[in-house]
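The values are calculated or read from the model by the stated rules, or taken from the named source; none is laboratory data. Keep in mind the model is a prediction, meaning the values are calculated, not measured. Using ideal geometry, Cβ is built from the backbone for each residue, glycine included, and neighbour counts are taken over all protein chains shown. Note: areas computed on protein heavy atoms with side chains; ligands, DNA, RNA excluded. Shrake-Rupley method; radii C 1.70, N 1.55, O 1.52, S 1.80 Å.
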Amino acid sequence: MAVRPRTPRTRGVLLALAACLTGVVPLGTAPAAAAEPHLTAPATYHVAPPGGPKRPARDKRLHVYYDADTVAGEKSGRLIMDVRGAEKVLYLKKFGNGCAGDRTRIVCAVGASYNSWGDWAGALPHAAPGSEAGDAGDLHLRYEAPDGRVSEATTHVVVGGPVLEIRRAEEVTHLRPGARTRVALVVRNAGETPAHGLGFTYTTSTMTPAEGFSNCRYRRTTAVCRFPSLDLAPGESVALAPGLDLRAPEVRTEGSLQLSAWPLDLGPYDGVVVPERGEPGKGPALRPEPGTGTTGTWSREATAWTRFSVDNPSDFAAVGARLRGHGGEEHDIRVGATNKGPGDPGGYPSVKIEFTPPKGSRVLKEPMEELDEDYFEPLCTHDKAGVYTCPLTVHEPGDTQLLTFRVRLGTLPAEGSVRLRGKDGKEYPADPEPADDTARVAAVVGEEPRPGDGGHAAVWGAAGGAVVVLAGAVYLVRARGRRSRAR
């Protein structure tokens with residue numbers, strides 16, 4: 001067989017590979033050099049005006065850090081914070097240990113790495129007396145590492161700032177399953193300076209929006225909407241029309257809506273998670289209507305919650321037990337609860353199972369839950385009277401939760417009970433059939449049916465049925481034969 005000579009390209013590839021293997025040419029790319037540690041600080045930070053209200057807790061805190069990927073160890077580094085040149089607007093106030101200086105410059109002894117949220121050493125800027133909302137100055141930060149490296153950062157500090165509040169209802173009750181309800185989306189600026197651009201996000205749980213807006217992006221149940229050209233002056237409000245049209249769930253008994261709003265130039269508030277990706281909605285655009293929706297209940301939390309309750313109750317019924325035995329014997333008792341519907345409260349229902357063992361019996365083994373790998377703790381608590389209180393975890397209609405207790409029986413007959421209660425120890429208020437919230441646990445004298453008991457009767461019953469069917473078939477064949485001969 002003729003051998004085709006290698007082409008120059010093939011020879012080149014082989015030569016290159018040989019060079020890599022012999023070390024002449026490095027195979028692949030060298031690993032990127034580790035990034036140099038540097039001082040990190042926010043670009044902008046807001047402080048309360050002199051004598052004015054405190055900034056909301058949701059505002060991003062002044063987080064300054066130098067991550068040298070090493071244990072802090074001894075205080076061999078230096079952090080310098082300086083507002084000189086902005087003395088009429090800002091002053092510094094130190095906190096923690098190891099810091100010294102005046103109102104315009106403070107030097108702190110810190111470790112080889114630094115984090116203002118974890119290390120008790122640093123300073124915070126404050127508005128100087130006589131400054132007004134809108135005034136601003138720069139906070140200069142410098143970190144001198146033990147190895148001689150120097151890193152610097154600057155934070156622009158503004159006196160006052162926008163404070164966006166969301167109008168919301170804390171709770172909407174008595175919705176019918178599948179009913180639709182409208183929710184207005186209204187934001188106002190309760191701060192001292194304008195908000196430049198508006199970011200807005202909403203997340204629904206079990207409540208289904210009737211439409212998605214074309215200028216919002218959706219990821220799962222979260223929508224993110226941005227209005228870069230919308231500015232809100234202090235005291236100004238804006239409604240986002242047409243608002244939300246939400247449909248209540250058919251089976252679940254509750255739902256929720258989470259709303260967040262922030263100035264676009266500052267970014268989302270601390271703790272607000274905004275998905276990076278998403279698909280645009282297919283409905284109309286969400287339209288800003290400034291100056292509307294000025295009344296109502298306002299929230300300045302990072303996330304404003306509205307809870308919905310649906311008139312679709314769950315009938316939880318207690319599940320008792322009956323067993324036969326003799327005093328001193330050990331038996332397993334399985335008790336619990338079932339959801340007879342029609343509603344699904346979701347998650348962990350506000351119901352507890354109270355199990356009282358038969359009188360005179362002793363619990364030897366109780367249900368356990370695995371909190372960590374090979375680490376278990378009792379699922380239930382019990383009081384001095386021997387009543388076990390266990391969480392109810394089933395919630396879908398038709399689901400049943402059974403808990404197994406190993407007990408040693410006392411004098412028989414004896415009775416115990418299973419009772420369903422609210423989490424506060426009172427009656428479960430939303431149960432439409434309270435009569436089935438209690439069930440008996442009876443222990444009587446006798447032998448438990450052994451596996452296979454009744455099996456012979458079933459076999460004979462089945463055999464008897466087969467004989468009857470066979471006899472009928474024989475009779476039918478003979479009858480057809482007689483009719484055939486008669487013809």
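Assorted remarks:
- Every residue from segment 287-306 that is among the hydroxyl-bearing types (Ser, Thr, Tyr) and part of a strand (DSSP E or B): 299, 306
Table: residues versus (1) farther than 23 Å from residue 408 by Cα; (2) modelled with pLDDT of 90 or more; (3) open to solvent by less than 90 Å² (accessible area, probe 1.4 Å); (4) not polar (S, T, N, Q).
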| site | (1), (2), (3), (4) |
| --- | --- |
| 338 | yes, yes, yes, no |
| 341 | yes, no, yes, yes |
| 347 | yes, no, yes, yes |
| 352 | yes, yes, yes, yes |
| 362 | no, yes, no, yes |
| 365 | no, yes, no, yes |
| 374 | yes, no, no, yes |
| 380 | no, yes, yes, yes |
| 384 | no, yes, no, yes |
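- Residue in segment 267-280 that is touching a Leu at 6+ places or on another chain (Cβ under 6 Å), within 26 Å of residue 55 (Cα to Cα) and open to solvent by 10 Å² or more (accessible area, probe 1.4 Å) present: no
- For segment 213-232, residues that are modelled with pLDDT of 95 or more and within 14 Å of residue 275 (Cβ to Cβ) total 8.
- Taken together, the residues in segment 232-251 that are among the small types (Gly, Ala, Ser), over 13 Å from residue 182 (Cα atoms) and surrounded by 18 or more Cβ atoms within 10 Å (Cβ to Cβ) amount to 2.
- Put simply, of 297, 306, 292 the only residue that is open to solvent by 20 Å² or more (accessible area, probe 1.4 Å) and within 24 Å of residue 247 (Cβ to Cβ) is 297.
Yes or no, residue by residue, for (1) open to solvent by 20 Å² or more (accessible area, probe 1.4 Å); (2) under 17 Å from residue 203 (Cα atoms); (3) of a type outside the set (A, V, I, L, M):
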| site | (1), (2), (3) |
| --- | --- |
| 215 | yes, yes, yes |
| 219 | yes, yes, yes |
| 223 | no, yes, no |
| 253 | yes, no, yes |
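- When the strands (runs of 3 or more DSSP E) confined to segment 326-421 are screened for residues that are within 26 Å of the chain's Cα centre (by Cα) and closer than 19 Å to residue 252 by Cβ, those reaching at least 1 such residues are found at 330-342, 351-356, 400-408.
- The set of residues in segment 149-168 being touching a residue at least 12 places away in the same chain (Cβ under 8 Å) and open to solvent by 50 Å² or more (accessible area, probe 1.4 Å) consists of 149, 152, 154, 156, 167, 168.
- Residues being of a type in the set (Gly, Ala, Ser) and open to solvent by less than 20 Å² (accessible area, probe 1.4 Å) - total across segment 179-190: 1
- Qualifying residue in segment 262-276 (condition: in contact with a His (Cβ under 9 Å, 6 or more places away or on another chain) and either part of a strand (DSSP E or B) or at positive phi (or both)): yes
- Options 56, 37, 49; residue that is part of a loop (DSSP other than H, G, I, E, B), out of contact with any Leu (no Cβ under 9 Å at 6 or more places or on another chain) and at pLDDT 90 or above: 49
- Members of segment 94-127 that are open to solvent by less than 60 Å² (accessible area, probe 1.4 Å), without any contact (Cβ under 8 Å) to a residue 40 or more places away in the chain and polar (S, T, N, Q): 104
- Residues in segment 403-423 that are out of contact with any Ser or Thr (no Cβ under 9 Å at 6 or more places or on another chain) and among the aliphatic types (A, V, I, L, M) were compared, and the one that is farthest from residue 379 (Cα to Cα) is 412.
- For segment 76-93, the tally of residues that are open to solvent by less than 30 Å² (accessible area, probe 1.4 Å) and either under 25 Å from residue 148 (Cα atoms) or free of Cβ contacts under 8 Å to residues at least 12 places away in the same chain (or both) stands at 6.
- When segment 96-118 is filtered for residues that are of a type outside the set (Gly, Ala, Ser) and either out of contact with any Ser or Thr (no Cβ under 9 Å at 6 or more places or on another chain) or modelled with pLDDT of 95 or more (or both), the ones remaining, listed by number, are 97, 99, 102, 103, 104, 105, 106, 107, 108, 114, 115, 117.
- Where a residue in segment 180-201 is at pLDDT 95 or above and among the aromatic types (Phe, Trp, Tyr) and its partner, wherever it lies, is crowded, with 17+ Cβ neighbours inside 10 Å and not in a strand (DSSP E or B), with Cβ under 9 Å and at least six apart: 200/185; 200/286
- Annotation: of all residues in segment 62-75 being of a type outside the set (A, V, I, L, M) and surrounded by 13 or more Cβ atoms within 10 Å (Cβ to Cβ), the one that is modelled with the lowest pLDDT is 75.
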